[in-house]
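Accompanying notes for the structure given below.
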Amino acid sequence: MKVGVLASGGGTNLQALIDAGARGELGPARLVVVGANLAECGALERAARAGIPTFICSHKDFASRTEFDHALVDELRRHGVGLVALAGFMRILTPTFLAAFPHRVVNIHPALLPAFPGVHAQKQAFDYGARFSGCTVHFVDAGTDSGPIIAQTVVPVLDGDDEESLRLRILAEEHRLFPAVVRAIAEGRVSLDGRRVQVSGTPIGLADSRLRSL
């Protein structure tokens, strides 16, 4: 399955996918293109170093979100993309985009959805006093981090944590979870019935090692 990645930032989750592919851990999934809405996006540099084609599609060049999404779809289709992975892509996608890749757009979020959607999720969890947080990979719908949940990893909030230490421990789990979900989808092991996601074979998403030792 050909995978296209959309990003807006540094691209550490993209790097996790690149590294997993280099180790042969993505199964039949293959990264074929990386797109960004910002020319200074660090993910583009990571893709270039890995020899993956890239494109820039600035949302500022379009009069509407729908026109922007049409342009994204055209670029991804040009590379034969069958699965779109959002790796820190900071734009809300319209139904136009989602209809082009039905149940084939996935996102990674640094919290245990439906808790703490939107931006600064780690800070939200820390400030709220949550005892557990984590990360979620979900299918994307027209809402904000509201699509059907595919897999989650639980990360405990430790007594000595601050916002940054929690963010880094969640990020480490994101780097493990995202490639595993991409592989499972490419292998045809993920199915959707309404909001219920079924994953056959090896389970995806485990608790952080610190939690398993509690």
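The values are calculated or read from the model by the stated rules, or taken from the named source; none is laboratory data. Fair warning: this is a prediction, and the values are worked out from it, not measured in the lab. For neighbour counting, all protein chains shown are included, and Cβ atoms are generated from backbone atoms with ideal geometry for every residue, glycine included. Ligands, DNA and RNA are excluded from the accessible area calculation, which covers all protein heavy atoms including side chains. Shrake-Rupley method; radii C 1.70, N 1.55, O 1.52, S 1.80 Å.
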- Might you let me know whether segment 68-77 holds any residue that is more than 30 Å from ARG195 (Cβ to Cβ), without any contact (Cβ under 8 Å) to a residue 60 or more places away in the chain and under 18 Å from the mean Cα position of the chain (by Cα)? no
- How about segment 115-142: which of its residues are surrounded by fewer than 17 Cβ atoms within 10 Å (Cβ to Cβ) and part of a strand (DSSP E or B)? PHE132
- Any chance segment 184-205 includes a residue that's touching a residue at least 60 places away in the same chain (Cβ under 8 Å), among the charged types (D, E, K, R) and outside any loop (DSSP other than H, G, I, E, B)? no
- Task: Scan segment 133-153 for residues that are closer than 14 Å to LEU98 by Cα and either modelled with pLDDT under 95 or polar (S, T, N, Q) (or both) and report the count.
- Result: 4
- Could you identify the single residue in GLU164, GLU173 that is acidic (Asp, Glu) and more than 24 Å from VAL34 (Cβ to Cβ)? GLU164
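Does VAL181 satisfy the criteria of being among the β-branched types (Val, Ile, Thr), surrounded by 12 or more Cβ atoms within 10 Å (Cβ to Cβ) and without any contact (Cβ under 8 Å) to a residue 60 or more places away in the chain? So that I can check it myself, show each step before the final result.
Values: among the β-branched types (Val, Ile, Thr): yes; surrounded by 12 or more Cβ atoms within 10 Å (Cβ to Cβ): yes; without any contact (Cβ under 8 Å) to a residue 60 or more places away in the chain: no.
Taking the combined requirement at face value, the residue does not satisfy it.
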- Would you kindly identify the helices (runs of 4 or more DSSP H) lying entirely within segment 11-114 that contain at least 3 residues that are more than 23 Å from ARG167 (Cβ to Cβ) and open to solvent by less than 50 Å² (accessible area, probe 1.4 Å)? 65-78, 95-100
- Any pair with Cβ under 7 angstrom, 6 or more apart, that starts in segment 38-63 at a residue that is in contact (Cβ under 8 Å) with a residue 12 or more places away in the chain and ends at one that is assigned to a helix (DSSP H, G or I) and open to solvent by 60 Å² or more (accessible area, probe 1.4 Å): THR54/ALA48
- Query: In the list VAL157, VAL182, which residue meets the criterion of being out of contact with any His (no Cβ under 6 Å at 6 or more places or on another chain) and within 13 Å of ILE108 (Cβ to Cβ)?
  - Reply: VAL182
